[in-house]
Amino acid sequence: MVRFVARRLLQGVAVVFLVATLAFILFRLAPGDPFTRMGDASSASQEFKAQARRNLGLDQPLHTQYFRYIANLARGDLGMSFSEQRPVLRAIADRVPATVVLAAAALLIDFLLGIFIGAAQGSRAGSKADDLLSVLTLTLYSVPVFWLGLMLMLVFAHNVGLLDLLPATGSKTTGVYEYLTPLGQLTDRIRHLILPAVALGLVGAAGTARYQRAAMLDVIRQDFIRTARAKGLRERSVLLGHALRNSLLPIITLFGLSFPILLSGTVLVETVFAWPGLGKFVVDAIFARDYNVVTGAVIISACMVVLGNLLADLLYRAVDPRVRGVV
Amino acid sequence: MKRISSLTIPAVLAALVGSEGCAPDLSCEGDWCGTLVMVSPAEPPTLLPIFAQFDIHIALAAQLFWRLADVGPNPTSRGHESFVPGLAEQWEFSDDSLTVVFRLNPAARWHDGAPVTARDVAFTFDVYRDTIINALPRSRLDRIVSVTERDPATVAFQFSERYPEQFFDAVYHMRILPHHLLDTIPRAGLRNHPVARNPVGNGPFRLRRWDAGEAIELLADSTFFAGRPSVRRLLWQFSSDVPTMVTQLAAGEVDVLYPVTGLENIDRIRGEPDLRTVDVQSNAYAYVAFNFRDPADLDRPHPLFADRRLRRALTMAVDRAVIVRSVMGDAGVVPVGPVTAGHWIWDDDIEQLPYDPDRARTLLSELGWSDSDADGVLDRDGQPLSFELLISSTSVLRVRSAVFLQEQLKQAGIDMTIQTLEPNAWGSRVFGSRRFDSYFGSWLQDPSPGSVTESWTAAGIDAGNVGGYTNSEIDRLVQSARSEFDPAVAKEMWKAVIGLINGDAPAIWIYGGVVTVGIHDRFENVSFPWDEWWKNLWMFRVAASRLIDRDLMPAY
């Protein structure tokens with residue numbers, strides 16, 4: 001087990017290094033730099049911009065910048081944010097908690113709801129309920145996440161929604177949150193989390209349900225299910241204790257693959273709901289050509305994906321004895 | 001294990017949705033309550049004014065740091081009579097007018113309690129002039145030879161020459177910094193020093209907290225020497241795009257959105273019962289500029305736009321009033337030239353090229369352009385009259401205006417293709433490689449007409465004048481206008497400058513004038529000055545009868 005984890009971590013380091021290199025090179029090949037836009041509607045002189053570029057080492061050849069970046073990266077230094085004037089690691093650390101909370105809540109909705117719907121469909125394959133849920137999940141799966149977010153806002157949000165139930169944007173109530181009791185603060189945070197998490201989670205749940213339905217159908221046709229039924233077990237026990245449990249194996253793989261999709265989804269959801277997370281920060285950094293922030297965020301995302309996949313593999317090994325011998 | 005009731009989850013959800021959180025005691029009373037929540041699309045990197053590069057950064061720094069003096073309600077950059085006191089309560093020119101001595105207000109204090117002194121002013125000048133800091137206004141301070149402390153409350157500015165904008169240059173470009181807190185920090189490290197994001201200021205508000213990516217919270221300084229701010233807190237939220245910010249305003253989560261762009265967004269805000277819109281004179285104008293150099297070879301003149309008559313024909317083919325009305329409604333103004341409405345050199349009498357499609361067509365015909373192949377596009381020697389317009393995708397108004405412009409030029413037989421680029425790609429083409437036919441830009445003007453120099457004279461070739469337009473007569477007249485002490489004569493000179501530029505048609509001035517601000521209607525004493533719309537936020541107030549929960553939060 002230790003050998004397996006060590007090997008996967010080593011592979012992960014190689015992946016992260018490759019991703020860092022690609023992100024560094026590709027982003028610097030994009031037109032413009034952090035000072036390009038300064039010419040619009042301001043009196044920034046060429047001298048000013050040249051000096052600013054020198055200050056940040058952007059006047060150096062690309063390979064010099066690259067080797068310096070990698071050397072710093074090896075020491076855990078992601079560089080300075082041009083737009084925030086502080087270390088990238090600190091700037092990202094300020095945003096990661098909001099994104100992790102949003103992604104975790106969305107993941108919870110995604111898998112709980114997706115597994116429940118998919119299992120229900122698989123166990124009643126071909127029924128009217130199955131057809132109806134198939135149409136519903138396919139529709140949800142086809143919906144852009146930002147559009148769903150806007151629709152949820154129009155129905156549920158305070159003042160702008162039909163039902164006037166939940167806050168429209170942000171992660172806490174502006175100007176009031178700091179004065180609430182700890183319980184009040186927790187409630188406030190959860191209330192703000194509901195709409196963005198549901199928007200992100202529902203679309204994911206639709207995809208998960210499709211996988212879960214297929215996995216359930218596959219398991220239900222197998223001999224051990226027939227044996228369980230023949231032994232006289234109640235249908236509920238057969239479905240929940242045997243079929244559902246075994247059908248979860250492909251879903252674990254899906255869990256590992258969900259991380260990058262979730263991270264890209266948060267970019268849109270964070271924009272629609274003004275959620276102060278990593279996604280919005282990275283989009284702003286891309287427009288500002290804040291190279292270090294974008295490269296740093298890509299590296300952090302790569303680490304999260306690598307760790308997510310490792311977690312999925314470990315879970316897989318825990319629940320499926322057949323793969324334990326495979327290193 | 002005890003089974004969770006199937007009703008438990010819905011019950012918890014219902015409780016969460018129904019709960020508004022455990023509200024604290026709402027204790028603020030009197031005239032000084034009120035929380036003003038602003039929203040902006042960008043977050044500043046620091047709060048030190050020396051590093052300010054865009055308006056939100058300047059706007060926030062301005063709440064914390066004040067100037068020695070400021071332009072008055074009718075902003076002009078000339079003389080000193082119309083300026084209002086800031087950190088300095090009095091000033092006096094020497095007999096030769098080469099020295100101006102400021103007397104600081106003894107009540108002016110830093111937020112840590114230390115007095116604002118002449119040493120702070122001298123230190124500030126030194127920092128702004130430092131090439132390591134390389135502050136954006138550094139070159140605007142060229143003619144100030146020295147700033148010296150005469151005594152703790154008196155400071156003298158020495159100029160190299162006498163000119164009408166001496167006082168403006170002395171006070172407008174610098175916001176005073178605390179010597180006692182910044183002096184020991186190496187200049188090269190100041191930008192990244194923690195103090196840059198947690199500064200001690202001298203303005204109406206002090207920093208309380210900065211939640212990166214989310215909001216900055218400022219608290220009113222109740223002992224502020226110029227008077228207690230009328231709101232107790234100023235929260236500045238950072239959002240992303242215009243529709244999200246409009247939603248935040250409509251949902252009551254923020255109080256002010258400057259500016260609201262897009263007629264549909266303005267209509268939405270006007271339809272909300274608790275909101276109102278305020279039309280504000282803007283200090284920006286937008287234009288379509290032509291490149292005078294061939295984008296394929298910058299040493300050669302542009303095959304189309306090097307010709308003055310062609311540029312004039314294009315300008316006369318465009319009905320700018322229709323464009324402005326279509327994209328901005330009644331709020332828009334057609335600029336009389338490269339100048340914004342409200343600026344002291346603006347005058348409706350400035351000579352402009354009229355909208356005259358017949359004259360445009362005649363002129364084009366005289367230049368040899370005709371539709372020989374009947375495809376709707378004029379051509380000459382087998383070459384169609386066609387060019388490309390570059391636009392940054394982030395400006396909704398520019399993108400929409402370009403479509404109307406394209407249609408109007410098409411009616412005149414001119415084929416303009418619109419290339420919408422991501423902002424950096426756009427900036428790289430326009431301000432970097434300068435390989436473009438034309439671009440849609442905008443320019444912010446301060447009270448000095450000197451900004452005309454940066455965009456439309458030979459002196460601006462390395463700055464804003466990326467199209468490379470020059471006219472030696474204009475260059476000469478600009479120098480004379482800048483040195484002219486008689487305001488009336490100077491204004492006439494500037495009008496002549498603008499008229500000459502208009503005659504050369506280096507650009508088509510598309511829109512400017514007024515922007516619309518969305519604001520919660522509980523605020524009174526609302527004003528947005530022309531030169532800096534953020535200047536009077538500290539004077540906004542909420543009547544006691546209109547206070548909402550966030551206005552009533554207890555004091556710290």
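The values are calculated or read from the model by the stated rules, or taken from the named source; none is laboratory data. No experiment lies behind these values; they were computed from the predicted model shown. In this analysis, Cβ positions are derived from the backbone assuming ideal geometry, glycine residues included, and neighbour counts consider all displayed protein chains. When the accessible area is computed, the model is the full protein with side chains, heavy atoms only, and any ligands, DNA or RNA have been set aside. Shrake-Rupley method; radii C 1.70, N 1.55, O 1.52, S 1.80 Å.
Determine the total buried accessible area between chain B and chain A, counting protein heavy atoms only with a 1.4 Å probe; round to the nearest 100 Å².
Summing both sides, the interface buries roughly 5200 Å².
Report Rg/Rh for segment A:266-327, rounded to two decimals, where Rg is the Cα radius of gyration and Rh the Kirkwood radius.
We get a ratio of 1.23 for segment A:266-327.
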- Message: I'd like the GluC sites (Glu not before Pro) in segment B:56-113 restricted to DSSP loop residues with at most 12 other Cβ atoms within 10 Å, sorted by number.
- Response: B:E81
- Note on the structure: Expected field for A:C303, accessible surface area in Å² at 1.4 Å probe radius, rounded to 10, holds 50
- Message: Given a 1.4 angstrom probe, I'd like the percentage of the accessible area of chain A that is carbon and sulfur, rounded to a whole number.
- Response: 69
- Under Karplus coefficients 6.51, -1.76 and 1.60, residue-wise ³J(HN,Hα) of segment B:65-80 in Hz, glycine/proline x: 10, 9, 8, 5, 8, 9, 5, x, x, 10, x, 9, 9, 9, x, 9
- Query: Any idea of the accessible area per residue across segment B:284-513, 1.4 Å probe, to the nearest Å²?
  - Reply: 38
- Note on the structure: In segment A:170-208, the residues losing 40 Å² or more of accessible area (1.4 Å probe, heavy atoms of protein chains only) relative to their chain alone are A:K172, A:T174, A:G175, A:V176, A:E178, A:Y179, A:L180, A:T187, A:R191
- Task: Determine, from the Cβ-Cβ distance of B:R434 and B:S365 and an R0 of 45 Å, the FRET efficiency 1/(1 + (r/R0)^6), rounded to the nearest 0.05.
- Result: 0.90
- Query: Once both axes come from the Cα atoms, what is the angle between helix A:62-74 and the longest principal axis of chain A, in degrees from 0 to 90, rounded to 10?
  - Reply: 60
- Residue by residue, what Karplus-based ³J(HN,Hα) values in Hz, rounded to whole numbers, does segment B:51-57 have, using 6.51, -1.76 and 1.60 with θ = phi - 60° and x for Gly and Pro? 9, 5, 10, 9, 5, 5, 4
- 5 angstrom amide H check on B:L298, placed H, neighbours 5+ away: none
- Message: If I ignore ligands, DNA and RNA and count only protein heavy atoms, how much of A:T174 is accessible to a 1.4 Å probe, in Å² to the nearest 10?
- Response: 20
- Message: Starting from 0.36 nm per residue, how many nanometres of slack lie between A:F67 and A:A129 once their C-alpha separation is accounted for?
- Response: 16.4 nm
- Message: Quick check: residue separation of A:N159 and A:A50 times 0.36 nm, minus the Cα distance between them. What number comes out in nm?
- Response: 34.4 nm
- Message: I need the Kirkwood Rh of segment B:284-513: take the reciprocal of the average 1/r across all distinct C-alpha pairs and report it in angstrom.
- Response: 18.0
- Message: Using only Cα atoms and rounding to the nearest 10 degrees, what angle (0 to 90) does helix A:128-142 make with the longest principal axis of chain A?
- Response: 10
- Task: Enter the accessible area per residue of segment A:238-316 (Å², integer; probe 1.4 Å; all protein chains in place).
- Result: 34
- Task: Once you have a ≥ b ≥ c as the square roots of the Cα gyration tensor eigenvalues for chain A, tell me rounded if a/c is under 1.5, and otherwise prolate or oblate according to whether a/b is larger than b/c.
- Result: oblate
- Sites B:D267 and A:A214 - FRET efficiency at Förster radius 35 Å, r taken between beta-carbons, to 0.05: 0.15
- Task: Please give the contour-minus-distance gain from B:V195 to B:S146: 0.36 nm per residue of separation, less the Cα-Cα distance, rounded to one decimal in nm.
- Result: 15.0 nm
- Task: Using only Cα atoms, figure out Rg for chain B and give it as a multiple of 2.2 N^0.38 Å.
- Result: 1.09
- Sulfur and carbon atoms: percent of accessible area, chain B [1.4 Å]: 50
- Find the centroid of the Cα atoms in segment B:235-309 and in segment A:62-110, then give the distance between the two in whole Å. 31
- Quick one: if you stick a label point 7 Å off each Cα along the C-beta vector at B:W32 and B:D347, how many nm between them? 4.8
- Note on the structure: The simple spin-label model distance between B:S160 and B:H80, using points 7 Å out along Cα→Cβ, in nm, is 2.1
- Which FRET efficiency value, to the nearest 0.05, is calculated for B:I58 and A:T181 with the Förster distance at 56 angstrom and r the Cβ-Cβ distance? 0.90
- Note on the structure: For chain B, averaging the sequence separation of alpha carbon pairs under 8 Å that lie six or more residues apart and dividing by its residue count, the contact order in percent is 20
- Note on the structure: The Rg/Rh figure for the protein assembly as shown, Cα atoms and Kirkwood Rh, to two decimals is 1.02
- Query: Which of B:G329, B:V256, B:L405 sits closest to the plus end of the dipole of chain B, meaning its Cα is farthest towards the positive end, when Lys and Arg get +1 and Asp and Glu get -1 on the C-beta?
  - Reply: B:V256
- Task: Calculate how steeply helix B:396-411 sits against the longest principal axis of the alpha-carbon atoms of chain B, using the helix alpha-carbon long axis, and give the answer as 0 to 90 degrees to the nearest 10.
- Result: 10
- Message: Just to be sure I understand the model, the point goes 7 Å from the Cα along the line to the Cβ. What's the resulting B:D330 to A:L307 distance in nm?
- Response: 5.8
- Considering amide H positions built from the backbone, and no H for Pro or chain starts, which residues 5 or more places from B:V145, or on another chain, come under 5 Å of its amide H? B:Q158, B:F159, B:S160
